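The values are calculated or read from the model by the stated rules, or taken from the named source; none is laboratory data. No experiment lies behind these values; they were computed from the predicted model shown. Every residue, glycine as well, gets a Cβ built from its backbone with ideal geometry; the counts of neighbours run over all protein chains shown. SASA here: full protein model, heavy atoms, side chains in, ligands and nucleic acids out. Shrake-Rupley method; radii C 1.70, N 1.55, O 1.52, S 1.80 Å.
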Amino acid sequence: CACTLSMGNNGPGSSLLTNPSFEASTCAPNWFSQFSCTSGWALGTGGSSDYFMAPSYMPSGVPQPLPDGNACVGGFIITDNQGPGIHYLEYIATCLLQPMQAGVPYSLQFHVAGVMLDLFTYGSVPMNLGPVDLTVYGLSTCVPLPIGSGFDCPQGWMVLGQLSYQPTGAWDPVTISFTPPADINAIMIGG
């Protein structure tokens, strides 16, 4: 899907993101966990986010048609708030083309689709989930990525904005608007 990070609340402007639609690539993915094929982005933490591009590899569980182009990214957001269960979050990250300025409003607009996958057949299965929290994190410097091997919220990064998304099994447009409290040179997106 196409991500657009723009200044102000008046709709899309010029994006601050390199490769906002994930169309530019360094290789053609042929399976899951090949996020390194996308150009300008990196894994944020120790997860194994996915890069899908038709016709080289597009799992049947990804809703069609894509909202823009022939590529998209995916990642697991698995939480169990009922005790010591599974808690696994995957993030994607990028350095910005120019810094976001402290005190200036910005909007990150993108399409998102939530599906539950059967990890053995990689097909979508009926879904009856509650809302999924999506968060944009920021950092004042551009650092080497990934920042660690963990699967939890990125330590040392500030929450810039978030939303609660109710998965529908289809692509839905969403916007996360925020005003950074400090200049930001890198962002991370995930659970």
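Residue by residue through the range 161-191, note down the ones that are closer than 17 Å to residue 44 by Cα and open to solvent by less than 20 Å² (accessible area, probe 1.4 Å).
The answer is 161, 184, 186, 187, 188, 190, 191.
Just the residues that are closer than 22 Å to residue 62 by Cβ, in contact (Cβ under 8 Å) with a residue 40 or more places away in the chain and not in a loop (DSSP other than H, G, I, E, B), please, taken from the range 152-174.
Hits for the range 152-174 are 165, 172, 173, 174.
Which residues, taken from the range 5-41, are in a strand (DSSP E or B), open to solvent by 30 Å² or more (accessible area, probe 1.4 Å) and modelled with pLDDT under 90?
Our first condition is that a residue be in a strand (DSSP E or B); within the range 5-41, this holds for 5-7, 25, 38.
Narrowing further to those that are open to solvent by 30 Å² or more (accessible area, probe 1.4 Å): 7, 25.
Selection gives 7 alone.
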